[in-house]
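A short write-up of the structure that comes next.
All of the numbers you see were taken from the coordinates with simple rules; none came from a lab. Not measured: the values here are computed from a predicted model. Heads up, the Cβs are rebuilt from the backbone with ideal geometry, glycines too, and the neighbour counts pull from every protein chain shown.
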Amino acid sequence: MPMRRRLPAAALAAVAILSVQAAPATAAGPAVVSRGVEIPAFYTPPASLPAADGALIRTEPLPLALSLPTIGGPLPGTATRLMYKSTDSTGQPVAVTGAYIEPAAAWPGSGPRPLVALAPGTMGQGDQCAASMGLEHPVLLNGETVSVGYEDLAVYRLLASGAAVVVTDYVGLGATDRLHTYVNRVDEAHALLDAARAARSVPGASVTADSRVGLYGYSQGGGATAAAAELHAAYAPDVNLVGTYVGAPPADLAEVISGIDGSDLTGALGWSLNGFLQTDPSLRPLTEAHLGSTGRAALDDLSTMCVGDALFAYGGTESSAWTVDGSSLNDIIDAEPALRAMLDAQRIGTVKPTGPVRVATGTADDVVPHGQARGLAVDWCSKGGEVTYKPVILPGGGDRALTNHFLPLLADQGDAISWLTDRLAGRPTGSNCWTMPFQP
């Protein structure tokens, strides 16, 4: 497909601060290749998995692209690639990959070194887009794929505080046995919480079961951390969760679909559909009845793409171009009870979250719409949650450009990390739910 739009200026700025590396060439490896990138054998799950959620399956050293050797060890720390066991939304065992980084910086607070479990924002659906690979290759350009490890900046800032960091690749991103189940709230929450469990067993890790744990995520990552805070008490009460940062969360997917449709990030519609069909194949005949040949080709194409690829190929595309009768994806969902029920099951905000949460959203964000993200804070406040709500007020074009969604990530990142590290240090916080009637 032709390139529809240029990369947003903010995305280009992110690229500029990272070192560019070509796709790694390997002499031998598995048969799995995604857009010209050979996925290391490490990412192929074994035939059988451990019983315990969070149990390590395998580890290996992970070379950080941005690292400085010193007498005391590498800065900002020593990274380990990992694969661990989780449970997906259907109750089945699943292998998930990720990375753990033991920081060189000392933890200045009391108690054992704390841990931040980082949920990446949207990376794409091809296995080569996984955040753990982005730590090794921050910018991947090989003529077939464009992938930027933009979460690396947050990872390094967290490491500088003395906290350890574990990053999940999510279910099916990296691990080559299935498609990534994009924005499946249960899969994402379980993968994130089990990454925190797995970190305790990484060789050389200083975190323990008593370590305070914080969750950090923006966009897709904000949805994952929000869902994890809701599911924590039932799924992973052994994780000592003390604070959760929820940035620009896609809490109500029906509203998010409307915002994304026709935006720079239209490709995310394909990733969502592919992910839900991975989870529930019985929906395939229903969806394929509405998709024309162009739509089916787009879903197949997007299944191997990263964000950069999708921006070039599908930015600005309307979902009506993918359907047999010109209906939008939201029109089809409204007309099909099974699809509507699928989206309703993904709604975040129905359960009081564990511990204090900080919800931040750009007031000009019309891609992952501000209103539904703010609505999550309101929902949690109504359930007695300990919520700090932060509207990020920046100018926006109102044209569903990705910059409306991406710039608040950068503008709020320092405050978000400071808030989270305060929770890791045991400092008290409070709720500002009382300000919601006065906040935009």
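Brief remarks follow.
- Total residues in the stretch 278-293 satisfying the condition of being surrounded by fewer than 19 Cβ atoms within 10 Å (Cβ to Cβ) and either of a type in the set (Phe, Trp, Tyr) or in contact with a Ser or Thr (Cβ under 9 Å, 6 or more places away or on another chain) (or both): the figure is 2.
- Residue 185 being in contact (Cβ under 8 Å) with a residue 40 or more places away in the chain, of a type in the set (Lys, Arg) and under 16 Å from residue 76 (Cα atoms): no
- Single residue of 361, 429, 421, 388 found to be farther than 24 Å from residue 314 by Cα and in a loop (DSSP other than H, G, I, E, B): 429
- The residue of the stretch 245-258 that is farthest from residue 228 (Cα to Cα), among those that are surrounded by 22 or more Cβ atoms within 10 Å (Cβ to Cβ) and among the small types (Gly, Ala, Ser), is 248.
- Scanning the stretch 218-271 for residues that are free of Cβ contacts under 8 Å to residues at least 12 places away in the same chain and among the β-branched types (Val, Ile, Thr) yields a count of 0.
- Counting only helices (runs of 4 or more DSSP H) wholly contained in the stretch 271-326, the ones carrying 1 or more residues that are under 20 Å from residue 343 (Cβ atoms), touching a helix residue (DSSP H, G or I) at 6+ places or on another chain (Cβ under 7 Å) and of a type in the set (D, E, K, R) occupy 284-290.
- Qualifying positions in the stretch 192-231 - touching a Leu at 6+ places or on another chain (Cβ under 9 Å), closer than 20 Å to residue 51 by Cα and crowded, with 24+ Cβ neighbours inside 10 Å: 192, 193, 195, 196, 198, 199
- Just one of (1) crowded, with 19+ Cβ neighbours inside 10 Å; (2) out of contact with any Lys or Arg (no Cβ under 8 Å at 6 or more places or on another chain); (3) under 28 Å from residue 105 (Cβ atoms) fails for residue 362. It is (3).
- Looking at 155, 94, just one residue is in a strand (DSSP E or B), β-branched (Val, Ile, Thr) and touching a helix residue (DSSP H, G or I) at 6+ places or on another chain (Cβ under 9 Å), and that residue is 94.
- Selection within the stretch 373-386 - surrounded by fewer than 24 Cβ atoms within 10 Å (Cβ to Cβ) and out of contact with any Lys or Arg (no Cβ under 8 Å at 6 or more places or on another chain): 374, 375, 378, 379, 381, 382, 386
- Within the stretch 158-170, the residues that satisfy the criterion of being farther than 17 Å from residue 202 by Cα and either touching a residue at least 60 places away in the same chain (Cβ under 8 Å) or in a helix (DSSP H, G or I) (or both) are 158, 160, 161, 170.
- Residue within the stretch 364-371 that is closer than 18 Å to residue 259 by Cβ, part of a strand (DSSP E or B) and touching a His at 6+ places or on another chain (Cβ under 6 Å) present: no
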